[in-house]
Structures are given as structure tokens and as C-alpha cells.
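One structure is given here, and the rest of the page talks about it.
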Number of protein chains: 2
Amino acid sequence: MLGISLPSIFGLGFVGIAGAIAMISAILLAFWILKQPKGEKEVSDLSEHIYDGAMAFLNSEYKPLTVFVIIIAIIIIITDLPNPSAYAFILGAFCSALAGNIGMRIATKSNVRAAVGAEIDIGNGLKIGFASGLVMGMMVVGLALTGLTIVWYLTKSAEIIVGFGFGASSIALFARVGGGIYTKAADMGADLVGKVEEKIPEDDPRNPAVIADNVGDNVGDVAGMGADLFESYAGSIISAIAIGVGGFTLSGVEITSEQAVFYPFLLAALGVFASLIAAIFVRPGKGSEIGDLHNALNKGVFGSAVIMAIFAYFLTNRYLGLLDPFYAFISGLAAGIAIGLACEYFTESRFRPTQSIAEASQTGPATNIITGFSVGMGSTLIPVIAVCVAIGFSFHFAGLYGIPIAAVGMLSTLGMTLATDTYGPVNDNAAGIAEMGGMGEEVRERAERLDAVGNTTAAIGKGFAIGSAALTAIALFSAYMAGIPELEQLSITEPTVMIGLLIGGLLTFVFSALTMSAVGKGASAMVKEVRKQFQEMPGILKGETDPDYQKCIEISTKAGLKNMIIPGGLAVAVPILVGLWNPKILGGLLAGSIVTGLLLAITLANAGGAWDNAKKYIEEGNLGGKGSEAHAAAVTGDTVGDPFKDTSGPALNILIKLMAMVSLLFVPLL
Amino acid sequence: MLGISLPSIFGLGFVGIAGAIAMISAILLAFWILKQPKGEKEVSDLSEHIYDGAMAFLNSEYKPLTVFVIIIAIIIIITDLPNPSAYAFILGAFCSALAGNIGMRIATKSNVRAAVGAEIDIGNGLKIGFASGLVMGMMVVGLALTGLTIVWYLTKSAEIIVGFGFGASSIALFARVGGGIYTKAADMGADLVGKVEEKIPEDDPRNPAVIADNVGDNVGDVAGMGADLFESYAGSIISAIAIGVGGFTLSGVEITSEQAVFYPFLLAALGVFASLIAAIFVRPGKGSEIGDLHNALNKGVFGSAVIMAIFAYFLTNRYLGLLDPFYAFISGLAAGIAIGLACEYFTESRFRPTQSIAEASQTGPATNIITGFSVGMGSTLIPVIAVCVAIGFSFHFAGLYGIPIAAVGMLSTLGMTLATDTYGPVNDNAAGIAEMGGMGEEVRERAERLDAVGNTTAAIGKGFAIGSAALTAIALFSAYMAGIPELEQLSITEPTVMIGLLIGGLLTFVFSALTMSAVGKGASAMVKEVRKQFQEMPGILKGETDPDYQKCIEISTKAGLKNMIIPGGLAVAVPILVGLWNPKILGGLLAGSIVTGLLLAITLANAGGAWDNAKKYIEEGNLGGKGSEAHAAAVTGDTVGDPFKDTSGPALNILIKLMAMVSLLFVPLL
């Protein structure tokens, strides 16, 4: 059977069909969600507020985004880059923005429906939340696949298709960096005045920033996460094309240019089916416990991975005629799962690391912070080794081409992993709506159980996003290096490389410092506004006057968009300038940014996640429970962790990929 | 005049004489210090306690250290490495340990004398503190130069002289990592029970951990800093020898093997004289303000740099016959000053960054932490660029040989820079003794002014230690790479390099996590002991019974030595194992560890320094002053910063140099 290629079934047409099926599934699911009951007016009004706020952010974002896209398109056209790159760039930006727009629309329509659904039965809540996630997942996968297929079909050019990836990167920059600043400026601003100064509970409708906070969950965790993974997904396929397009020989078997290009496409297309099949099994029984809910989602994640592995085995065997690239694929898939599980271990209160943070809270906030930071740094061990093993294995079996294939492997079941990720913020919002709308103790308790499951999937999702960003960035970096022949002999003994490595590492630290201080600035503007509203309208705290939610949303939006200019500008401009100066230094810069960025991103994400759950662990009644000194210390840790895990950490994913993508795009000029 | 070599004056003999003069100056200064009055019995007893505690730590350290040195020596002998490497190794360890021992002895004898001296006149206090620092500085420089001269004179082997450096690294590991854990376990333990629980002031003699805390300042900031810089100093010369030993041609001028080897030696020897000459100018007038005290020390630092630049110009011109290596030298000297000033800017409360942390304290500990962390990360910008410029310049002018010469340049005036560094902990102790011994308001106020100046020099010193560690590590790394010819073609496109980079970066994060959690464990043991003493002996808090200081010193000692085994073992074993497996991965590992280690070390050091000074800024009466909520938040930041700046940050200096040194030592086996 080996060596029989199957172009009759497996071709670009098949990929296009898979993309279309993904989008159609998303649309059908969206209509199903919209048909679900949205409850009493009081409750559905809250959802409307969140929806309006989310749309307001998107609409504000689109203005500078459009300007940015036009400027970049013009730059592409006036340089010596092929002109169609500019159209591919615009298409990439459009597809990613559309996926985010639809995903966020549905997420903000689903939250209230999940809460109302949980009123009948907790399984219903899970189903709606998961369906909403699947809309996002399938939209991202469908639009990315379709877009890439169109560009390849029309141009057959590896140079041009990079433009599509850069378009996706641009959206990711706005959604993840701008969105990350938005969400934490709102969250911290709401907490610092509401919880700390006025002692009103979280998600209290009297807090003027409460809607901005809930919008933020969608902006950051739905749109931001979606755009981040859209970029990784497209980037992994693009780097495989860039490296493989010339064709090559593997273990004596010749891989033609067409095979090398179609193979990652076909893997991704099969991933759509693996995700959809596995989604059918995400069905909780009635009256489920947290463990059962968890199992339902796990069936989806692990089920899709197993199905995908089987698909990939047959595809590789039949289409390429040798199994070596399959091993590269599997190494990425396995690394993704290992990273997700490691992040779960380090951030879940069932395990020792998070408990040690909770215990350290008993001696005050300082020991809480030190322990959390130490846990975060220590948590880099398994993910980094997983990435190293994936690189080593994939290169061993399939050469440089193996590295992007490993990234494709990690991302092949993205439809499913993104669905379980997006499930988190939807049910977080559902719990908030249940609280704000006074839906009764039982519903709230159910919604919170659904939210707790979401927190775990979110932790895993963050790890997965970081791991896939790193692997994709390494694949893009490899493609960059392969694209400039004289870099082949670029030894790390050359001081230029060391300088590049240092500058690359430096960028990740400076970028994190900028995003972190942006949150501080945004939060401080929010604090002033909330204090002002409480002062000027005393009726708010008495529950007599509605606060001005809109004003707070505007402040967050402005903070997000204004404060991303400098870090975003750095991410785009520095690689171009350095590359024009010396492509060798740029090579070192990319490598340095990936290494340091990966480590810093994991540290920030896991420290933040662990602080969050250490606080929840104490709130569950451990070590003195709510109101104890340990709890106060843990709240400090949780607040510190907010910009760590939701702004600066995820923003690094974008930085490392974006810089690699920019470099790859401009290779022809260097 | 160009091209005339001057072997009649400038030879190894000259270097040996310079080393001897350095040691003799140190001994004369030490006798002068010991002749100064040590005050009333109550006061001098406190100093005795600190002295005894410091010696107890050293003596406990010597046991495992001796075992470690013997094991490594045996390993060197049974492998194929030249046997004399083992003797060089033992000599290096002995010289560094001796320098630390003498420096710490004198520092712990000087503290009380500085306090008593300040009683007469504040300038006296400065003179004694500075003299004590100069003993340390001259001992380090003298023993390093003499030891290296002996090894070179006897063996003329670049391979063997690396053994000396590795000996120095081993001491640095024990002194800096073990000492760093010691000092912060004591400090945090003392504060958590004393200041937080019992509300007794800092440096209160009723606190059982107070002597351990004061011992810690000497263990960490005197012995640890000294061993760290001894390692850098020796390492910079050794790497210049390793790279230059074959001779080479520069701008058409042939540099013989002897010239290439003697040049760094001669630069270092001239540095002794530059430091001693400049030391004469460190003389404050009577009744000086902080600014004047500061100026006195600055005259020493900048004066020695200027004198050294002139010396280096003439030496290079005359001895080598071309100026190119002089530019390499100057780039290192200038980078050291730039890094020191940058660290001062980011950690001094006169400047914006530290003030922004103080302001953020007004909204609680969380915003204090976030702002401090962001300041720390942002503070990497100038130091990293300074290192990059130094690498670029030195390589441009003098090729690979230029890089260690830049490191030699940065470290050439070490006698002076270490003197101003060590001045800090001596006067910190002096202020503590003035407080504990009840020496009266005026003396205490003077001692604190001296201490404040010391804090600035300490901040600069830390930056300088990090910068020189990075540059030395890069020089050692270059020597390693140059020592394995097949690494010449090691392109960073090879995934092995990327894997190496990732593992190297990973090690710095895991190492920091380990040292940070070691402090936590040590502090928690200390907390238990202090609580126990307060409970079992109620007379302590009433001031009727003396606490058991000894027991606390033992706990810190045990915590320091026990908890350094795993991180220390990693630092030695990982490069050997990785190198035996694949020297290419080891090359990447070293580069990755240097890049990430430098960034992380600067972040940790400057965040810690800035938190410390933000607290002091509030205590000076700003933003509500002592007792305000902002102050409480700032105290949290200060405590978090303790292990950042005094344990994990400085420990990274050792990690990156030690790994490079181990690798260079084992090159012949790879």
C-alpha cells in the first residue's frame, strides 16, 4: 500500500471542503445557541450590556486596525515584495478578524443562555457553553483553512502565503495585546475600588466597571485567545510550506513539492473531522459533579487527539509513502498534551504547587508572592523539555520540515482545544450573570461549578497556546533561516549572533514591562472613574441609580488601544530595522526572543493561574477561609497574577510569532 | 614609539609585584583598622557576636566545600585532563576562599569601628568603612593575580589555568548561593516574626535572629560579592589567555603568543595601581552631607577608571604596537560604568522608576508588586544594550580576543569597585550596631547616612557584578566554542542549538525557582525557631533574658548549605552531562543561559533594589510616611525583593559563569 498517492481524494478540494464544513458547523451551532431561551428581561439585559460592550470594543478596534492594515499593505506594495502579498495580508487579517467577531458575538449571546440552561439542568449549561466554544473553534479553523487554500490555489507561492500569516498576526496583536490590556484594566479597576475600597462583592451590578470586566473576559479570553491560535494555526501550515515547497528526499523517499505543500493542509483538514467527531462525545449525564463535567470535556480533547493520530497515520502512510513525518506530527501532538497537563498540575489547587502558595499566604502577602513566583519559574521545566523533545524528534525523523509538522500536529485538533478554552469565559460570564441577575442560590452554585471546570480548561488552554506559539515561532524562524542561504553558516560563535540573542531576549522583557505598566495605567484611570461615579451619584451604591457602564467600557477600550501602540510598534519595527541592518543579528534576535519569551510566558501564566487558584482554595474554607489574613494575602497574589496571566504572558505569544512572521515576510528584501 | 615591546619592565614579574603590592596594602589597611577604637563593651560585644556568627558560617561551609573540592580534584585526575589542572583548581579555590575569609574577618571587625568612628566625625566612619572595603578589594585582586601568575609561570598552559578559574567558581557557588540563601532566610525570618508579628523594630537585640541577619549581610554582600567578582576577574583573564594563546594577527600587526597572554595580566596589574592611586582621593571633609560622602566614593570609582584608561592607552600602544585592543578594553570599562549608572537610576528614590513604585503602593501591595516587577523588567534595557555594544565594539576592533579584553576592561579597577561595594554592608552593620547598642540619636543618624550612601554603591555594585558576570561568561563561552573546532560551523539553524538555547534558558529559571524556594524554606525554619524562643523564654521580649542567637545562626547556616546542594549540583553536572552527550547542545546551552540569566538577574536585582528604596522613600515621610497603608504595601514589596536581589539574582551570576567555566575546563574531553 505504501507509496500510493491519493490525489483523487486528497487534494486542495478536500481541504476546501473541510474548511467549508467547519464553517457550516459553526453557523448551525450558532443558530442552535440563539434558539435557546435567554431568560427574564433583567437577566438578558445584563447579557445585552456585555454584548454591546464587546461590540463597542471591536468597533473601536477596527478603526486603528484598518489604518494599520492599509499602511502595511502599502509598505508591502512599494517594496520589492510581490504585490499579491499585500492582498494575502489583507485576506489573512480579514479572516482572523471575522473569526474573532463571530466567536465573540456568539460567546456574548451564549453566556446568559448557559446560565438559563443551567437553571433546568447543569448539563444543559455545559452543552451551551461548549457549543459556543465550538463555534469559535470551528470558525477559526474553517476561515484559516479556507483562506490559506484560496491563497495557495491562486498564487502557488510560498512567499505570498506568508502575507496571509502576517495578516493574522496583525489581528492577534490588536486582539491579544490590546485585548489583554483592556481586560485587566477593567478587572483590576473594578476590584480595587469595588472589592477593596467599598467592600462590595465581585460581579456586583452597582460597580460601574462590572460590565467592562465581563466584557473583558470575552475580549481577552475569547477574541484574544482565538486570534492568538488562528495565528499559530496559519503560521504552522505556512512555515511547513515555506520549508517544504522545493520538495526534498526523506529516508530515500522523494517528497514532491506538491506533497510537501499539501501534507500539512491535509493534516489540518482531517483535524476538522477529528474535532467534529469527538465533539459528539462531549455529553454530560444529568446532575453531574465537577469531575463528570470535566470528564465530558476531556473526552473531547483526548478523543480528538486519538482520532487525529489514527487519521494522520493513514494519511502519512498513503499520501507520502513513509511514516517518518508521522512521527514528527505525533511528537507535536504529544508535546501539546504534555504541556497542557503540566500547566494543569502547576495551577490546580488539587496539587502541591498551588497548595504551597496557599500555605505561604499564612505568613502574609510577601511569602505568597515569593512562593507563587517560584512556582511559576519552576513550572517551565516540563513544557520546555516537551518543546525540546518535539524539536529533537521531529528533526530527527523529518529534518527541518519536521519542525513545522510538529507544530501542525500540536494544532491539528485546534477546533476542539479552542472549544474547551472558549467554554471557560462563557461560563465565567454565565456565573457572573447568575450573580448579578439574582438567579437564585441553586443556579448560581451550578454556574459556579461550570465556571470551575472552565478554569481548568483555561489553564490547560493557556499552556497549549504558549506551547503552540513557541513551536510555531520556531518553525517560522527555521523557515526564515532557510530562506537566507548565507545564514546556513551562521555560527553561534559569531558575536553578531550573541548580540542578536541578547536583543531578542531583551525585547521580551521590555515588551512585558510595557504591557504590565499599560495595565497599571489603565487600571488607575478606571479607579478614578469608578470613584468619581460613586462620589457624584450616591444612588449607585444604594442600588437606586444605574451606574454609567458605558463610560467604563470606553476607558478600558481607550487604555487597551492606546497603550498597545508602543509595544506593538516595537514588535513590528524592530525585526524589520534589525533585518535591514544585519540579517544575522535578526536570526539571533528571533532565537533569543523565542527562548526567553517561552520561559517568561510560562512563568507569568502559571504563576498567575496558581495565585488565582490558591485564593479560591482558601475561599473554599481551607487555611482559615474567606476573611482570614491568609485570604487577604492570597487576594494580593491573585491581583498580581491578573496582568501576569492575562496580559503580559499571552502577549508574549504574539510577540515571538509576529517577529518571526515579519522576518519571514521580509526575507526577499534582506 | 609604536611597536617597541617593553619586556624588560612589563613582564610576569611586574604582575607578581602588583599582586604582592595589592596584598600588602590590604594587610597594612587591615592593621590600621584593627587599631581603631571599638567602643564600649556592650557595643563591641555585638560586633563580636556578628564576627563569631560569620566565622561559624565560614567554618561550617569549609567542611562540605573541602569534600566538594577533593571530589572534583579526583575527577579531574582520573579523567584525561592534565593532572596539574587539579592543583590549579585547588589553588584557585584556596585563593578565593582566603580572600573571602580575610575580607569578611575585617568587615566584621570594621562595622563597630565605623560606628564608633562616626561618633567622632562622620568622615571617620566613611574612612573606616571604605578601608574595610579596600581590604576586600585588594585581597581579591592580589590573590587572583598572584595565583594566576604562579599557575602560568609553572605550567604555561591555557588548559591548566582554567582549573584555577574553576576553583574560584566553586567557592563562588558556595559563597554566593549558599550565602545568599543564608542571608535572606535570616533576614526574612527575623522580619516576619519580629517586625510583623511582634511589632518590634528592625535590628532589635531582643530578636533572636538579629545577629544571624547582621551576619547575613557579611556572608552575602561581603564574602558572596567578593567570591563572585574574584571568579569574574580570574575568568576574564583566563578566557583572554585561552583565546589568545596561539597568537594572532590584528590589523596586520602580529601579536605573539606571549603578548596575547601577558596583555590581560598587565592590564590587571596596572589596575591595582590605578585603584590604589584613586583610593588616596577618597577623603570626605568634616561634617559631610550624603551628597559629599557620595562624591568622595565617586571620586574613587571614576578616578580609578580615568587613570586606568590612560594606563591602558600607553600599555597597549607600547606593548602591542597598535591601539585596537585598547578600544576593546575601553568598551568594557565604559559598559561597566553605564550599567552601574543605569542600575542606580532604576533603584534610587531620587528618580522616577522607584517613585512610581512608591506611588503605586497607595493602591495596595498588588499594585506595588506589579509596578516593581515592571520596573525591574524595563531596567534590562540599558545594561543589555551596554553589553551588546561592548561585544560589538570589542569584536570589531580585536576579533574574538577583544571580548575577554572588554571583560578585563570592565574588571580592571575591581580593587576600587569592590571597595565601594563592600563599604555598603560594613556601614549597614554599623548602623545596626548603633541601633542595637543604643549609641545615641546623633551617632545613629550619622551611621544611617553612611548606610544610605552604601545602599547606592551597593545598587551600582550589583549591576556591575551582573554586567561583568555576563561579559566574563560570554568570554568563557567564546573560549569554549573556539576550543572545539567543529563548533565553528555550528549554525543556529541547527535544531540542536535551539534545544541547547532552550535548556540553557530553562536552567536559569529553574535555578532561580530553587534558590527562591530555598529562602522560603530557610525563613520558615527561622520563623519557627524565633516563635519558639519567644514562647519558651518570655523574658526575651521584656529585655530580661538574652535570646539564643547561636541557634538562629545555625539554622541559617544549615538552610544555606543544605539548600544549595540541588541548584549547585545542577550547575556543575548539567553542562558536563550535556557536553558528553553533544558538545553542540552544550554550546547552545551556554549561550541560552547567558542571555536569559543576564535578563533575569538584572530584573531580580533592580526590582528588589527599587522595592527596597520605594519603602525607604515612604519612610522618609512621603505619601503618608511610616504607618500608612502605602507603607504597609511597600514593606510587602521590600520583603518580596529580598530574595530577588540578594539570593536568586546574584546566584545567576554564578550559574552562568560556572557553567561556562566547567565547559571550558572539560573541552579537552569533548
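The values are calculated or read from the model by the stated rules, or taken from the named source; none is laboratory data. No experiment lies behind these values; they were computed from the predicted model shown. For neighbour counting, all protein chains shown are included, and Cβ atoms are generated from backbone atoms with ideal geometry for every residue, glycine included. In case anyone asks, the SASA skips ligands and DNA or RNA and just uses the protein heavy atoms, side chains included. Shrake-Rupley method; radii C 1.70, N 1.55, O 1.52, S 1.80 Å.
Numbers for the structure displayed
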| read-out | value |
| --- | --- |
| Reachable aspartates and glutamates, given that their alpha-carbon falls under 16 Å from the alpha-carbon of A:LYS109 and they are not under 8 places away in the same chain | A:GLU40, A:GLU42, A:ASP45, A:GLU48, A:ASP52, A:ASP217, A:ASP221, A:ASP428 |
| Separation of alpha-carbon centers, the stretch B:54-121 and the stretch A:133-196, rounded to whole Å | 56 Å |
| Across the identical copies, how the B:GLY624 labels are spaced - nm, sorted shortest first, 7 Å along Cα→Cβ | 2.0 |
| Contour excess over end-to-end distance, with Cα ends at A:LEU154 and A:PHE281 and 0.36 nm allotted per residue | 41.9 nm |
| 0 to 90° range, to nearest 10: angle between helix A:441-483 axis and chain A longest Cα axis | 30 degrees |
| Computed lengthening from B:ASP548 to B:GLU445, 0.36 nm per intervening residue step minus Cα-Cα distance | 34.2 nm |
| Per residue accessible area in Å² of the protein assembly as shown, where ligands, DNA and RNA are left out and the probe is 1.4 Å | 30 Å² |
| Distance between modelled label sites at B:ASN298 and A:GLN535, nm, 7 Å Cα→Cβ extension | 4.1 nm |
| Calculated [θ] (222 nm, deg cm²/dmol) that DSSP helices of n ≥ 4 give over chain B, each run adding -39,500 (n - 2.57) | -27500 deg cm²/dmol |
| Given chain B, longest segment not containing exposed loop chymotrypsin sites (Phe, Trp or Tyr not before Pro) (DSSP; at most 14 other Cβ within 10 Å) | B:352-670 |
| Prolate/oblate/rounded call for the stretch B:392-499, Cα gyration tensor, a/c under 1.5 rounded | prolate |
| Spacing of the two label points (7 Å from each Cα toward its C-beta) at B:GLN489 and B:ASN83, in nm | 3.8 nm |
| Number of partner chain Cβ atoms within 10 Å, mean per residue of B:371-381 | 6 |
| Pseudo-label separations to other copies for B:LEU341 - Cα-to-Cβ vector, 7 Å, nm | 5.4 |
| Neighbour-limited loop hits for trypsin sites (Lys or Arg not before Pro), the stretch B:546-650 (at most 14 other Cβ within 10 Å; DSSP other than H, G, I, E, B) | B:LYS626 |
| Separation of the A:ILE310 and B:THR256 label points, Cα + 7 Å toward Cβ, nm | 7.8 nm |
| Phi to ³J(HN,Hα) by Karplus 6.51 cos²θ - 1.76 cosθ + 1.60 over the stretch B:602-613, Hz, x for Gly, Pro | 5, 4, 5, 5, 6, 4, x, x, 5, 4, 4, 6 |
| FRET efficiency estimate (nearest 0.05) - Cβ-Cβ, B:LYS562 to B:TRP32, R0 35 angstrom | 0.35 |
| For the stretch B:422-473 versus the stretch A:379-447, the gap between their alpha-carbon centres in whole angstrom | 49 Å |
| Shortest-first nm distances, A:ILE78 label point to equivalent points in other copies (7 Å, Cα→Cβ) | 7.0 |
| Rg(Cα) / (2.2 N^0.38 Å) computed for the stretch B:210-305, rounded to two decimals | 1.55 |
| Reach of B:LYS542 by Cα under 17 Å, taken over aspartates and glutamates that are not fewer than 8 positions away in the same chain | B:GLU197, B:GLU198, B:GLU202, B:ASP203, B:ASP204 |
| Neighbouring partner chain Cβ atoms per residue of A:481-492, average, 10 Å criterion | 4 |
| Amide H within-cut-off set for B:LYS626, under 5 Å, with H built and near neighbours excluded | B:GLY621 |
| Where N is the number of residues in chain A, Cα Rg divided by 2.2 N^0.38 Å | 0.90 |
| Members of B:LYS616/B:LYS645; B:LYS41/B:LYS199; A:LYS462/A:LYS615 lying beyond 22 Å, as alpha-carbon distances in this model show | B:LYS41/B:LYS199 |
| FRET E, pair B:ILE75, A:ASN582, Förster distance 51 Å, beta-carbon r, rounded to 0.05 | 0.75 |
| Contact order normalised by residue count of the stretch B:493-615, Cα under 8 Å, 6+ apart, percent | 51 percent |
| The stretch B:249-277 versus the stretch B:545-580: alpha-carbon centroid distance in Å | 38 Å |
| Table column - 3J(HN,Hα) (Hz), the stretch A:180-195, Karplus curve with 6.51, -1.76, 1.60, x for Gly and Pro | x, 5, 3, 5, 7, 4, 5, 4, 5, x, 4, 6, 5, 8, x, 6 |
| Those aspartates and glutamates that a straight Cα-Cα span of less than 19 Å connects to B:LYS299, excepting residues fewer than 8 apart in one chain | B:GLU289, B:GLU344, B:ASP421, B:ASP451 |
| Positive minus negative residues near B:ILE161 (Lys, Arg vs Asp, Glu; Cβ under 15 Å) | -2 |
